[in-house]
Amino acid sequence: MEIINPYLFDILKNKKFRNNLIFLFFAILFKLFVVEIFENLLSLTIPSLVIDIVLFFLFYQVFSKIGNIFVEKNPIKQSFVILYINIFYLSILFFTKYSKIYIFTNLIIVFATIIVLTINLTVLHQLYFAKQKNDISKYFNLMYIFLLVTSIIKTVSTKYSNLLPNFELIIKFLEIVTYLIILYCTTKFAWITFLYKKEKIFLLFLSIFIIVITGINSYILEKFNLIGSELLVSISDFIDFYLIIYYLLIFLATLFTLPSADIIEEKKRELQTLIKFSHLSSNSFSLKEVLSNVNNIFSGFFTVNGCWIIKYDLTDSDFEILNKENISYELAEKLSFYVVTNTIQNDFYYLKIHEEKFSADNKKIEQINVLPLYQKQKEYYLLIFISHRLRYDEEDLTVLKAFKDYIRTVIDNVNLLNDAIEKERIKKELELARDIQNKLLPDKIPNFPQLEIVTYYKPAYEVGGDYYDFFKSNDKSFSVVISDVSGKGLKASFITSEIKGIFTVLSEIYNSPQKIIIKANQIIKNIIAKNSFITASYLTFDFNNKLLRFVRAGHLPLYIIRNNQIIKLQPKGVGLGILSNNFEKFIEELEYNILENDIFVLITDGVSEAQNINKELYGFENLEKILVSSSNITEILNKIVDELAKFSNGNQSDDITIILLKFNSEGKND
Amino acid sequence: MTDFKINIDNYSNEIVIIKLEGYLDAHTAPELENQIANLVENDIVKIIIDFEKLNYISSAGLGVFMAYIEDIREKGGDIKFTNVPDKIYEVFDILGFPMIYEIYKDSKEAINNFNEISNDQR
C-alpha cells in the first residue's frame, strides 16, 4: 500500500476538506465538553442526536477522502482493509470492555464506531463500483439516504415515543425498504469474475473471516450496548448486515465459479499474449530474433509446457532447433525427429504418441502439437509444443490460425526489410567503389604550359572500364594514355585499377610509347579473361622537337584538328590482352609533327557507339562535324556532351571518356 | 533476345558456318560463346562466321572470337570471317582484327581456304 501518497497533499490543499477537518475538531470538542458533561444534568437528547448526526457526516466526509488514499483498487486488498478495520474495531471493543479506564469509554467507542463505519462504507462503495460498466451510483446513494433517514427516525422515535405513537409501522416499513435496497446493493460483486484462481481461493477464506469478525462485533455491540448513541447503533446494524450478506454472496459465488476459473484465466492470458504480439513486428530485423520472440510469447499460450521452433529442410531432410522454451534440448530433438518423420501438414495438427521413450520429468508425453508457421520453398518453420491440453476446439483453432497469419505477416515484413537493407548495402558499396575509382582518374589536370587540356568522363554504371591519365616526365615531354576495358560495370572496374598501376609504372621506366604498350600487353594478357580485352592509346608530346609519338592498341583513332581540317591517325595495332605472341609485329609507333593550335582528340567508344531509341549509333560523322565547329576546346567538349545527351536521351549504355588537348608553344592558351 | 539470331550450317563433318543476325552485344554474346564452346568440345574447329546480317557488334561481341581462338588454332582449326559489312569491318580494323583473323568476301572462299590447308597437309 502506498501510504505516503501525493494524493494526501492534494486533499489537504482542498479548502472544503480543511474546513470539514476544522468543523470536525470543534464538533468533537463540543460533544466532549458540552454534551457529555451536561447530558446527565440537563436532558439534552435532541442536541446529542444532532451532534451525532453532524459528527457522522463530518467523519464520513473526512474519512471517505482519507480512505481513498489507503484503499487500493484491488478488490482483494480492499477486502483486507475491511477485515483489518473490523479486527481493529473488535480489539477496541474488548479494550474498552475489560480495561479499567472508565473515563471517555463511551466517547472512544463512539469515535471508533464512526471511523470504522465510514471506512467500511468507503470500501463497500468502491467494491460496489468495481468492474461495473454502467452507472449504478443512484442505488448506492439511495441506500445511503434510506440508511440515514431510517436510523434518524428510529433514534428520534425511541427517545420521543410518547410524542409519536404511530411511528412503529412507518419505521418497520422504512427498515424493510432499507434492507431491500441493501440486498440489491450486495449483488454488485462483478469483480470476482476477473480474479485468478489463487485469488479466488484466497477470497473464500477472507470472506469467512470478515463474516465471522463482523458477526462478533455486531453481537458484542448488541449484547453489551456499548454505544450510547442510538443513531450509530442503527447505522452500524445496517452496515453489518450489508457486510455479512455481501461477503456471504461473494463466498458462494466464488465457490461456484471456482471450477471455471481456469478457463477465464487462460482467456485472459491469451488476450495478453495477443497484445504482446502487436509489439513483435516493430522490434526485430532478423528472422531468428522474431522467431525467438514468437516462441517466448507462445509459451504463454494454451497452458504450454514446452515449445520450440525448428527449421526443417525438405531437400536434405535435416532440421535445426532455432530456439526453445521450458524443454531440454535432447527431448526437443527427439520429438522434432518424430514430427519430421511424419507428414508435414499446412495447418495446425497434432500427433498422438504411444511410445514410452518420449517422457519428461517422469511424465509421459501423449501428444505433440505442430503449428507450421512459415514455408519458404523447401524450408519449413514449425512451432512444436506440448501441452496439458489434449483437445482443441473451433475457437482454439481460430486463435491458432490468427496467430499463424500474424507471424507470417511479421516474417514477410522482416524479409522485405532485409531485402531493402541488402539493396541499400550494395548501393553503398558501389558508391564506395565509385569513389575509389574516381581516384584512379587524375583529380587535377596537370599544368603544362604548352598544352591546354579539357576532359570529360562519365561511367554508364556506378563504376566503369574507361581510364585515362597524364604523365609528365620533364618540362619538354608529356604523355597521355587512354584505355577502355571491354565490358563495363564492376567487372571492368577491377581491371581498370590494375591498368592504372601498369601504365603508371611503365611510364616511369620507358620513354617509348611502343615499348610501354608492348610491355603492357604482356602483363595484361596474363591477368585478363580470355573473352575480354583492352584498347588503349598512348601519346607522348616532345615539345623540343615539336613531335608527337603515338601508339594505338586497338583503340579508336586519334583525331587531329588542324586549320579546321580533321586528320585521322590510325596506325596499325591490336587490342591489349588478345595476343600473347607476335603482338609487337602488329604494333606501329607513329611520329607526327605538331603545329601551333593543333587540337588532339581522344575518345572511347562510349561516344561513337552511343545509341538512340532506335538502336542507331551516334557514329563518327556527327562527331567530326562538331570537332571543326570551333577552335575553343571547352566549347567543343560541351557541344559533344550536349549532343550525346540529346541523342541517347539520357540512356547511356557505355562509359564515355573525351579528352581534348590544344598545343600552343607560347604557353598561352585561352 | 529476339534481336539476335544464330544459324548454324554444318557444311561438312569438319567445317561449320555460323550465320549471325541482329545485334551482338553483352546480352547476346554468351549465346554465341556457348555455341562456339560446344563446337570446340566436339572437336569441330573449322569455323566460318558469316556477318552478312549482323547489324552491330560490341566489344563484348568481339571478345567471343578471342575466347577460343588459341584453343582452336592449337587443334589445327581456325575462325574465318566472311561477308563482313563495312560498318563492322571498321570496328574490326580499329581493334586490329584483320591482322589476327582471315577475312573473306564470302563463305565459298573461306571453305576453299580450309580445304586447301587440309589438302596441303595431306
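Some notes on this structure:
- The range B:5-120: antiparallel DSSP beta bridges as a percent of all, rounded to 5: 25 percent
- Cα pair distances exceeding 21 angstrom across the range A:594-662, given as percent: 22 percent
- Taking every alpha-carbon pair under 8 Å whose residues sit at least 6 apart, the range B:5-120 reaches a relative contact order of 25 percent.
- P(r) weight above 18 Å for the range B:81-122, C-alpha pairs, percent: 36 percent
- Calculated mean residue ellipticity at 222 nm for chain A: -18000 deg cm²/dmol, from DSSP H runs with n ≥ 4 weighted as -39500 (n - 2.57), summed, divided by the residue count and rounded to 500.
- About the centre of its Cα atoms, the protein assembly as shown shows a dipole size close to 4640 debye [charges on the beta carbon of Lys, Arg (+1) and Asp, Glu (-1) only; nearest 20 debye].
- In the range B:38-59, burial by the other protein chains removes 40 Å² or more of 1.4 Å probe accessible surface, compared with the chain on its own, from B:TYR56, B:SER59.
- Residues in the range B:64-90 occluded by at least 10 Å² - accessible area, probe radius 1.4 Å, against chain by itself: B:MET66, B:ALA67, B:GLU70, B:ASP71, B:GLU90
- Farthest towards the positive end of the charge dipole of chain B, among the residues B:ASN112, B:ILE88, B:GLY63, is the Cα of B:ASN112, using unit charges on the Cβ of Lys, Arg, Asp and Glu.
- Point-to-point label distance, A:LYS546-A:ARG269, nm (Cα→Cβ direction, 7 Å offset): 10.0 nm
- Each chain gives up part of its surface: B and A jointly bury about 2000 Å² of accessible area, both sides summed, for a 1.4 Å probe.
- In the structure shown, the pairs A:LYS568/A:LYS662; A:LYS585/B:LYS19; A:LYS138/A:LYS198; A:LYS472/A:LYS662; A:LYS476/A:LYS568 are assessed against 23 Å; a Cα-Cα span above that value is assigned to A:LYS585/B:LYS19; A:LYS138/A:LYS198; A:LYS476/A:LYS568.
- Buried on complex formation within the range A:500-544 (loss of at least 10 square angstrom of accessible surface versus the isolated chain, 1.4 Å probe, ligands and nucleic acids ignored): A:LYS525, A:LYS530, A:ASN531, A:PHE533.
- For the range B:5-120, the Cα-based Rg and Dmax, in that order, read 13.0, 40 Å.
- Each of B:LEU24, B:ALA37, B:PHE97 was scored by the projection of its Cα onto the charge dipole of the range B:5-120, and the greatest displacement toward the positive side belongs to B:LEU24; charges sit on the C-beta of Lys, Arg, Asp and Glu.
- Net charge contributed by nearby residues that have their C-beta within less than 11 Å of B:GLU109 (K/R +1, D/E -1): 0
- Remark: chain B carries a charge dipole of roughly 160 debye about the Cα centre, counting +1 on each Lys and Arg Cβ and -1 on each Asp and Glu Cβ.
- Using a Förster distance of 25 Å, the FRET efficiency for A:ALA645-A:LEU441 (Cβ separation, nearest 0.05): 0.80
- Two-decimal log10 I(q)/I(0) for the protein assembly as shown, as the Debye equation yields it once each C-alpha is a single scatterer, q = 0.06, 0.07, 0.09 Å⁻¹: -0.68, -0.75, -0.96
- With DNA, RNA and ligands ignored, accessible area of B:TYR89 (1.4 Å probe; Å², nearest 10): 90 Å²
- Length released on extending from A:PHE17 to A:LYS491, taking residue separation times 0.36 nm less the Cα-Cα span: 162.2 nm
- Full extension of the chain between A:LEU107 and A:PHE26 gives 27.7 nm of extra length, using 0.36 nm per residue less the Cα-Cα distance.
- Protein accessible area in the protein assembly as shown, 1.4 Å probe - carbon and sulfur %: 55 percent
- A:HIS388 - accessible surface, heavy atoms, 1.4 Å probe, Å² rounded to 10: 120 Å²
- Extending 7 Å from Cα along the Cβ direction at A:LEU595 and again at A:VAL177 yields two label points whose distance is 13.0 nm.
- Here r is the Cβ-Cβ distance between A:SER653 and B:SER118 and R0 is 56 Å; the resulting FRET efficiency, rounded to 0.05, is 0.85.
- Per residue solvent-accessible surface (Å²) - the range A:511-611, probe of 1.4 Å: 36 Å²
- Computed over chain B with a Gaussian network model linking Cα atoms closer than 10 Å, the most mobile of B:LEU39, B:LEU24, B:LEU95 is B:LEU95.
- Heavy atoms of the protein chains alone define the surface here; on that basis the range B:5-120 has 46 Å² accessible area per residue at 1.4 Å probe size.
- For the range A:108-238, the spread of Cα positions along the three principal axes, ordered from largest to smallest, is 57, 33, 21 Å.
- For the range A:567-658, the Cβ-based charge dipole about the Cα centre amounts to some 240 debye (Lys, Arg positive; Asp, Glu negative; other atoms uncharged).
- What the Cα convex hull of the range A:75-150 gives, in volume per residue, is 77 Å³.
- The range A:627-667 residues near the modelled A:ASN564 label - backbone nitrogen below 14 Å, point 7 Å along Cα→Cβ: A:627-632
- By a 1.4 Å probe calculation restricted to protein chains, B:GLU102 has an accessible surface near 70 Å², given to the nearest 10.
- Think of the protein assembly as shown as having a plus end and a minus end, set by charges on the Cβ of Lys, Arg, Asp and Glu; of A:MET143, A:GLY573, A:ALA332, A:MET143 sits farthest toward the positive end of this dipole.
- Each residue of the range A:194-210 is assigned a 3J(HN,Hα), and the resulting list reads 8, 8, 6, 4, 4, 5, 5, 4, 4, 5, 4, 5, 4, 5, 4, 4, 4 Hz, derived from the Karplus form 6.51 cos²θ - 1.76 cosθ + 1.60 (θ = phi - 60°), x at Gly and Pro.
The values are calculated or read from the model by the stated rules, or taken from the named source; none is laboratory data. These figures come from a predicted structure and were not determined experimentally. Glycine gets a Cβ as well: all are built from the backbone with ideal geometry, and neighbour counts include every protein chain shown. Remember, those area values only see protein heavy atoms, side chains included, never the ligands or the DNA or RNA. Shrake-Rupley method; radii C 1.70, N 1.55, O 1.52, S 1.80 Å.
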